[in-house]
Amino acid sequence: MKNPLLYLLTSGILLLTVSCGENEAPLPSCTGVQFEYEGSDGPDYWSTLCVDYTPCGGKVQSPINITGALDDASLMGIPQTYISTATHIVNKGHTIQFNFDAGSSILINGEKFDLLQCHTHTRSEHELNGVHHPMEMHFVHKNLITGNLAVIGVFVEEGAENPILKNFVDHLPVTKDATYEDPITFSALDFMPSDKSYFTYSGSLTTPPCSEIVTWFVMEHHIEASAAQIHDFEALEHVNNRPVQALEGRMIKHFKM
Ligand SMILES: [Zn+2]
């Protein structure tokens with residue numbers, strides 16, 4: 001900067017900005033705080049709603065647009081031990097969630113992650129080369145020792161009626177916290193595409209508190225459900241996709257089966 005007066009002025013403004021930032025009121029506790037997908041409690045403001053949601057403003061956030069992934073021959077298929085589970089559906093307000101009986105797990109580099117639940121987003125949260133799918137399922141696995149998560153994302157495309165969802169779509173609980181229990185069994189494997197190629201990257205929960213503890217595995221190939229079935233989920237959870245986040249230098253790797 002050639003003009004010393006301008007330099008002083010700019011520095012002064014910068015200092016003022018910094019000191020104002022330091023004097024901001026601390027964020028409130030997150031108890032009772034609701035996040036939304038639009039408006040003043042929407043994704044752009046999650047990080048400022050309350051103190052535990054600040055990670056939502058971080059640099060390792062999800063979802064992302066999956067593009068420019070690097071083929072990585074050192075990656076392997078994900079060993080999945082998925083057993084049958086009875087049906088436990090809960091309406092979580094912003095999503096419909098299926099809780100799994102204990103006993104299903106995956107191995108990532110020898111590290112065991114237990115399958116806890118899967119839930120749905122309409123439309124998809126991840127984009128593939130800039131394109132959304134109408135729905136995405138997230139299978140949430142947890143390392144019960146470290147607390148780290150491995151989430152498998154499966155895109156759902158409009159097409160043939162899904163034979164597993166057919167058992168449930170008429171029974172999805174309508175109000176928040178309502179549940180539906182059914183002895184009918186299914187396995188997470190029923191929702192996995194036969195081609196297990198995937199994209200993987202480091203990211204976060206896509207809902208507050210947006211904790212950056214997730215290794216993502218987004219399946220390259222989609223499964224299908226009918227337009228009416230997808231609509232049944234969308235009618236309850238409405239639009240619940242967080243917009244894609246900046247990659248911030250992260251690498252996306254591709255495992256090709
Ligand atoms: Zn999700």
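The values are calculated or read from the model by the stated rules, or taken from the named source; none is laboratory data. Small disclaimer: the values here were computed from a predicted structure and weren't measured. A quick note on method: Cβ atoms are made from the backbone with ideal geometry, for glycine too, and the neighbour counts reach across all protein chains shown. When the accessible area is computed, the model is the full protein with side chains, heavy atoms only, and any ligands, DNA or RNA have been set aside. Shrake-Rupley method; radii C 1.70, N 1.55, O 1.52, S 1.80 Å.
Within region 141-166, being open to solvent by 60 Å² or more (accessible area, probe 1.4 Å) and either in a strand (DSSP E or B) or within 14 Å of the ligand (Cβ to nearest atom) (or both) holds for Lys142, Glu158. When region 91-119 is examined, which residues are found to be within 16 Å of Phe168 (Cα to Cα), more than 14 Å from the ligand (Cβ to nearest atom) and among the aromatic types (Phe, Trp, Tyr)? Once the filter is applied, which keeps residues that are within 16 Å of Phe168 (Cα to Cα), more than 14 Å from the ligand (Cβ to nearest atom) and among the aromatic types (Phe, Trp, Tyr), region 91-119 yields only Phe100. Restricting attention to region 45-66, the residues that are open to solvent by 30 Å² or more (accessible area, probe 1.4 Å) and within 30 Å of Ile164 (Cβ to Cβ) add up to 1.
Taking region 81-90, which residues are more than 16 Å from the ligand (Cβ to nearest atom) and in contact with a Phe, Trp or Tyr (Cβ under 8 Å, 6 or more places away or on another chain)?
Listed by number, the residues that qualify are Ser84, Thr85, Thr87, His88.
Report whether or not Phe199 is surrounded by 14 or more Cβ atoms within 10 Å (Cβ to Cβ), within 18 Å of the chain's Cα centre (by Cα), within 14 Å of the ligand (Cβ to nearest atom) and not acidic (Asp, Glu). First the steps, then the outcome.
On the way: surrounded by 14 or more Cβ atoms within 10 Å (Cβ to Cβ): yes; within 18 Å of the chain's Cα centre (by Cα): yes; within 14 Å of the ligand (Cβ to nearest atom): no; not acidic (Asp, Glu): yes.
No, not satisfied.
Just wondering, is there one or more residues in region 30-45 that are within 16 Å of the ligand (Cβ to nearest atom) and part of a helix (DSSP H, G or I)? So that I can check it myself, show each step before the final result.
At the first step, the residues of region 30-45 found to be within 16 Å of the ligand (Cβ to nearest atom) are 35-37, 43.
Next, only the ones that are part of a helix (DSSP H, G or I) stay: 43.
So far as region 30-45 goes, yes, one or more of its residues are within 16 Å of the ligand (Cβ to nearest atom) and part of a helix (DSSP H, G or I).
Across region 202-230, the qualifying residues are those that are within 24 Å of Gly249 (Cβ to Cβ) and either free of Cβ contacts under 8 Å to residues at least 24 places away in the same chain or polar (S, T, N, Q) (or both), and the one among them that is farthest from the ligand (Cβ to nearest atom) is Ser202.
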